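Have a look at the structure below before the remarks.
Only the coordinates and a few stated rules stand behind these numbers; no lab work does. Model, not experiment: these values are computed from the prediction. Backbone-built Cβ (ideal geometry, glycine too); neighbour counts: all protein chains shown.
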């Protein structure tokens, strides 16, 4: 007999004052410094009036280029002498990023491209005003019709909100809109 | 321009939304008007439900001994002097919904100081900053999913949701499970706070039992003689995981 699942702890908003606790140096740089395959993904987060949100925090999780989903420790590696953040050592790909939006609602991530069988970055978005986190995905390449169950199930306009725009070589744009005609598709996992 | 709502106005809104809520809702709604910041920031389209066993989100980031230092879990020892306020130990376990401990995973906390002020430039509440207290901490869970912090009890503080709005004292918690789907940021409250019923953020959890799960228990067993009082708070992470779906194969 399986016991009934435990009731979950409810979420509460991240609020406006997380900035001295959660963001860390190099949080937006999962790609090892100087890696030739690194790509930049960036964009803004907008509220229902089209205003950029300056106090959001985004987290990113993805498969490594070789398909591994194991991740690696060391995203916020510390100096045991001073306690300061040393940053990733660049040998392992940790798969994890964390970026707070700037005063203009903008974020940027330097990462390695995910593999072809999972060509997306998983995103978890927090902000003042969000009582619980929002999940979405950034597809860096369009897998095409029949290439991805999630995208295949969406009407074209909604589907487009999950596709990054190739702006120039190795730079992809992706805006997140919490409301409005181009509201981003948000996900719920079961 | 309409006058700012009073606490009585917000209390009435809280009552109304509670009366209208579906019983047994374990999570706050995305749209909860008594919390004014949610108005322009909640998606209006329903979430797209994903049940893909191959989803990358069924795995998640990992952390290790290189990501924390031993002093991170003691917020009273991060400066030269002792912080002001009531020293406390906060401890508990992180579990998934099947009761399995979340082992070796990162727990992060942040909070206001004893006067109710955050060490954040934008917090201009005219309560004193404490040069001996920053208010952020980190640890890894042990093999039983346990975590433990030494800190000081945060103060309540005013905010601008409505006229004369005050938040009950709380500690912000950030938690990872074994899957990205389980990612949780929440707040731990202290038992018996008279501000609970006036706070639209806590009251956004409309189910009474679910709301009670955000309140720690006073635990004298965690008190340390001549040093600190103790609070116990267990956390259960929601969301599917890779091992959850593979249970039948183990």
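Comparing B:51, B:206, B:89, which has the greatest mean-square fluctuation in the GNM of chain B with Cα pairs linked when under 10 Å apart?
Maximum among the listed residues: B:51.
Evaluate the Debye formula for the range A:1-59 with equal point scatterers sitting on the alpha carbons, no solvent, and hand back log10 of I(q)/I(0) at q = 0.13, 0.20 Å⁻¹, in q order, two decimals.
With one equal scatterer per Cα and no solvent, log10 I(q)/I(0) is -0.64, -0.97.
Express in nm, to one decimal, how much length is gained between residue B:196 and residue B:6 on full extension, taking 0.36 nm for each residue of separation and deducting their alpha carbon distance.
66.8 nm
Which FRET efficiency, nearest 0.05, do residue A:33 and residue A:171 yield, Cβ-Cβ r, R0 22 Å?
According to the calculation, E is roughly 0.80.
Mean-square fluctuation check for chain A, GNM, Cα pairs under 10 Å: which of A:41, A:91, A:171 is largest?
A:91
Considering only DSSP beta bridges whose two residues both sit in the range B:1-157, what percent are antiparallel, to the nearest 5?
Here the share of antiparallel DSSP bridges comes out near 95 percent.
Please report the base-10 log of the normalised intensity I(q)/I(0) for the protein assembly as shown, using a Debye sum with one equal scatterer per alpha carbon and no solvent, at each q in 0.07, 0.10, 0.12 (1/Å).
-0.33, -0.71, -1.05
Averaged over A:119-130, how many beta carbons belonging to a partner chain fall within 10 Å of each residue's beta carbon?
Whole-number average of other-chain Cβ neighbours for A:119-130 is 4.
So, in Å, what gap is there between the alpha-carbon centers of the range B:133-201 and the range B:9-77?
The range B:133-201 and the range B:9-77 have Cα centres separated by 13 Å.
Which shape class, rounded, prolate or oblate, goes with the range A:18-177 when its Cα gyration tensor gives a ≥ b ≥ c as root eigenvalues, a/c under 1.5 marks rounded, and past that a/b bigger than b/c marks prolate?
oblate
Could you list the residues of the range B:116-143 with an amide nitrogen less than 14 Å from a label point located 7 Å from the Cα of residue B:80 in the Cα-to-C-beta direction?
B:131-133
So, R0 is 22 Å and r is the distance between the beta-carbons of residue B:70 and residue B:220; what FRET efficiency does that work out to, to 0.05?
0.25
If you count, for every residue in B:26-39, the Cβ atoms of partner chains within 10 Å of its Cβ, what is the mean?
For this peptide, the per-residue mean of nearby foreign Cβ atoms is 4.
222 nm [θ] for the protein assembly as shown, helices only, -39500 (n - 2.57) per DSSP H run of 4+, per residue, to 500?
-2000 deg cm²/dmol
How many times 2.2 N^0.38 Å is the alpha carbon radius of gyration of the range B:6-92?
1.77
Please report, in whole Å, how far the alpha carbons of chain B spread along each principal axis, starting with the longest.
59, 50, 33
What FRET efficiency do you get for residue A:40 and residue B:129 if R0 is 45 Å and r is their Cβ-Cβ distance, rounded to the nearest 0.05?
Efficiency at R0 = 45 Å is approximately 0.75.
Per residue of B:176-188, what is the mean number of Cβ atoms on other protein chains within 10 angstrom of that residue's Cβ?
6
Checking the a/c ratio against 1.5 first, then a/b against b/c, what shape does the Cα gyration tensor give for the range B:37-184?
The shape class here is oblate.
Based on the mean of other beta carbon atoms within 10 Å per residue, what is the order of B:104-113, B:139-148, most packed first?
Listed from highest to lowest mean packing, they are B:104-113, B:139-148.
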